[in-house]
Amino acid sequence: MYKHVALLVRRDGMTHDEFVEYWQENHTPIARDIEGVVRYQTVLPVDPEASEFDGVAELYFEELDALHAALGSPGSRDYDPAKGTAKAAREDVDEFLAVDSRPRLIGEEFVEKDETGGDTTGLYKHSAFLVRKAGMSHDAFLDHWANEHVPLAREIPGVVRYTRVVPTDPENAEFDGVAELYFESLDALRAALGHESSRDYDPGHSKAAAARDDVENFLSLEDRPRFVGRETVQKDETGR
């Protein structure tokens, strides 16, 4: 499954509440009908005042070509679809988004753990937009992430779903990947991964601490945006 993940920043002169209202009431009905979209989920920050971003939008496609046709290539934060609902959705984002301030990643999703049955509405989610540490190649980063870090992350207390998003075009991607960890409660998330006002965290549990210690081996933490929010599935035709 291919996925477009966008960290959203509201346009100048708009409050966070105004942004959320427009996004949910006006834009979401359009985004659901973008050609090729088989799943669409939105994530709202649990603490907007402490969050770096106003939300996360995630759109899934069965084919990479369909994603590019609707939402552009990894090399640009903007996109220019020629027709259909994709064109209408692009025109609408100017009503509430600062597009140039909106980091995004186009990638393939890998599910490493799932105890949710696919329904993630209402779950609390930690999305980390990963940047490899200095001196490490992207391939070496991916190898460590998949083979060394994933087994540790699966064991973090409270994690009910863990997915990785790997860029389809690493040379043009803004990030080396996105790590998404889901929890049933905000307290469980914070115990494992810290408060949303910090890019770093210092867990007390031994298994959470082991995962935290390992990130030093492959991540540049200070360059890693993160987002803590609560997810709503707005559309799902994947059958998962």
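The values are calculated or read from the model by the stated rules, or taken from the named source; none is laboratory data. The structure displayed is predicted, hence computed values, not measured ones. Don't worry about glycine lacking a Cβ; one is built from the backbone with ideal geometry, like all the others, and counts go over all protein chains shown. Ligands, DNA and RNA are excluded from the accessible area calculation, which covers all protein heavy atoms including side chains. Shrake-Rupley method; radii C 1.70, N 1.55, O 1.52, S 1.80 Å.
Values computed for the structure shown
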read-out: Matching residues in segment 111-156 - criterion: being part of a helix (DSSP H, G or I), out of contact with any helix residue (DSSP H, G or I) (no Cβ under 7 Å at 6 or more places or on another chain) and open to solvent by 10 Å² or more (accessible area, probe 1.4 Å); value: ASP139, ALA140, LEU142, ASP143, HIS144, ALA146, ASN147, PRO151, ARG154
read-out: All positions within segment 89-104 that are surrounded by 14 or more Cβ atoms within 10 Å (Cβ to Cβ) and either free of Cβ contacts under 8 Å to residues at least 12 places away in the same chain or in contact with a His (Cβ under 9 Å, 6 or more places away or on another chain) (or both); value: ALA89, ARG90, ASP92, VAL93, PHE96, LEU97, ARG104
read-out: Residue in segment 157-164 that is crowded, with 17+ Cβ neighbours inside 10 Å and either among the aromatic types (Phe, Trp, Tyr) or free of Cβ contacts under 8 Å to residues at least 12 places away in the same chain (or both) present; value: yes
read-out: Members of segment 224-240 that are in a strand (DSSP E or B) and open to solvent by less than 30 Å² (accessible area, probe 1.4 Å); value: ARG226, PHE227, VAL228, GLY229, GLU231
read-out: Exclusive hit being closer than 21 Å to GLY177 by Cα, assigned to a helix (DSSP H, G or I) and of a type in the set (D, E, K, R), set ASP92, ASP65; value: ASP65
read-out: Some residue of segment 53-76 being within 24 Å of ARG230 (Cα to Cα), surrounded by fewer than 17 Cβ atoms within 10 Å (Cβ to Cβ) and in contact (Cβ under 8 Å) with a residue 24 or more places away in the chain; value: no
read-out: Verdict on GLY107 being in contact (Cβ under 8 Å) with a residue 12 or more places away in the chain, open to solvent by less than 20 Å² (accessible area, probe 1.4 Å) and assigned to a loop (DSSP other than H, G, I, E, B); value: no
read-out: Hits in segment 8-56 - residues which are over 18 Å from the mean Cα position of the chain (by Cα) and in a loop (DSSP other than H, G, I, E, B); value: ARG11, ASP12, GLY13, MET14, THR15, ASP33, ILE34, GLU35, GLY36, GLU49
read-out: Selection within segment 174-198 - small (Gly, Ala, Ser), in a loop (DSSP other than H, G, I, E, B) and under 17 Å from VAL131 (Cβ atoms); value: SER198
